[in-house]
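A.B. asks: Pasting a structure below so you can have a look.
Coordinate-derived values only; no laboratory data. Please read these numbers as outputs of a predicted model, since none were measured by experiment. Positions of Cβ are backbone-derived with ideal geometry, glycine not excepted, and every protein chain shown enters the neighbour counts.
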Amino acid sequence: MICFNRYLFKHIKAWYKQDIKKGKPTGEFKTNSGFGWHSSTDMNERKEYNPLVKELFMMAEYCNRDYGVQPKLGLGNMWANINPSYSYNKTHTHPNSLWSGVYYIKVPKNSGKFFAEDPRPGPNTYMPRRMDNLPKELWRVIAYDAVEGRMLFFPSWLPHGVDINMNTEKGEKNWRVSVSFNFIQTPE
Ligand SMILES: [Fe+2]
């Protein structure tokens with residue numbers, strides 16, 4: 001896993017540097033805020049990422065089985081993210097997709113957790129004072145540690161985001177690096 005992540009990091013970093021050379025903006029882009037870098041969304045068409053694409057399809061097939069979704073799946077798009085100090089991903093959904101997710105390649109300490117929110121309007125407008133240690137069925141927000149090598153999948157309608165990266169080590173040491181993607185159902 002460590003070797004695989006190093007391999008991915010090497011390629012993503014080179015891609016990022018090329019973008020910088022071409023003068024592509026690294027500021028606010030889509031859901032990335034605070035000067036994170038977001039690659040183009042054709043990552044799945046670049047052969048160096050084939051090994052990761054294979055893993056993604058395996059996971060997406062499990063989701064299909066769990067939710068009783070018929071084949072066949074297509075990988076709609078895929079992109080890399082570099083989130084340096086103080087950047088974050090605001091709460092968002094992935095329209096027109098079936099399954100979305102993230103794979104973590106590099107996660108420095110205190111660089112933020114992934115969170116998902118209850119999408120129902122009711123629980124978001126009715127928030128009485130609650131007791132501690134509520135059972136998970138009553139949680140409104142759920143958070144997962146970003147862990148190198150961890151892959152998270154979720155239905156694309158689920159509102160989610162990533163906390164602000166509070167790691168302030170020098171240079172690329174503070175980068176949180178991940179890959180995001182959208183699976184779609186293709187025509188019969
Ligand atoms: Fe997302």
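A.B. asks: Which of R129, R140, R176 moves the most in a Gaussian network model of the chain with Cα springs under 10 Å?
C.D. replies: R129
A.B. asks: How high is the FRET efficiency from K22 to N124, r the C-beta distance, R0 41 Å, rounded to 0.05?
C.D. replies: E(calc), rounded to 0.05, equals 0.50.
A.B. asks: Pull out the extension gain between Q70 and I142, defined as 0.36 nm times the separation in residues minus the alpha carbon to alpha carbon distance; nm, one decimal.
C.D. replies: Result: 23.1 nm gained on full extension.
A.B. asks: Starting from the alpha-carbon convex hull of segment 1-150, give the projected area averaged over all orientations, in nm². Let's see the in-between values first.
C.D. replies: Details: hull surface 46.1 nm².
Averaged projected area of segment 1-150's Cα convex hull equals 11.5 nm².
A.B. asks: Given Cα pairs under 8 Å that are at least 6 residues apart, what percent is the relative contact order of the chain? Write out the running numbers ahead of the final one.
C.D. replies: Details: 349 pairs, mean separation 60.7, N = 188.
Taking the mean separation of contacting Cα pairs over the length of the chain, I get 32 percent.
A.B. asks: Determine the calculated [θ] at 222 nm for the chain from helices alone, applying -39500 (n - 2.57) to every DSSP H run no shorter than 4 residues and normalising by the residue count; nearest 500 deg cm²/dmol.
C.D. replies: One gets -7500 deg cm²/dmol as the mean residue ellipticity at 222 nm.
A.B. asks: Please label the shape of segment 85-188 as rounded, prolate or oblate, based on the square roots a ≥ b ≥ c of the eigenvalues of the alpha-carbon gyration tensor (a/c under 1.5 means rounded; beyond that, a/b larger than b/c means prolate, else oblate).
C.D. replies: Since a/c reaches 1.5 but b/c is at least a/b, the shape of segment 85-188 is classed as oblate.
A.B. asks: Under 8 Å for C-alpha pairs, at least 6 residues apart: give me the relative contact order for segment 38-146, rounded to a whole percent.
C.D. replies: 26
A.B. asks: Pull up the cross-link candidates among the lysines for K22, meaning alpha carbon to alpha carbon under 18 Å and not fewer than 8 places away within one chain.
C.D. replies: K13
A.B. asks: Calculate, in nm to one decimal, what H11 and I164 gain on full extension: separation in residues at 0.36 nm each, minus their alpha carbon distance.
C.D. replies: Using 0.36 nm per residue and subtracting the Cα-Cα distance, I get 52.6 nm.
A.B. asks: Could you pull out the GluC sites (Glu not before Pro) across segment 100-154 that fall in loop regions by DSSP (anything but H, G, I, E, B) with no more than 14 other Cβ atoms inside 10 Å?
C.D. replies: Passing both the DSSP loop test and the Cβ count: no residue.
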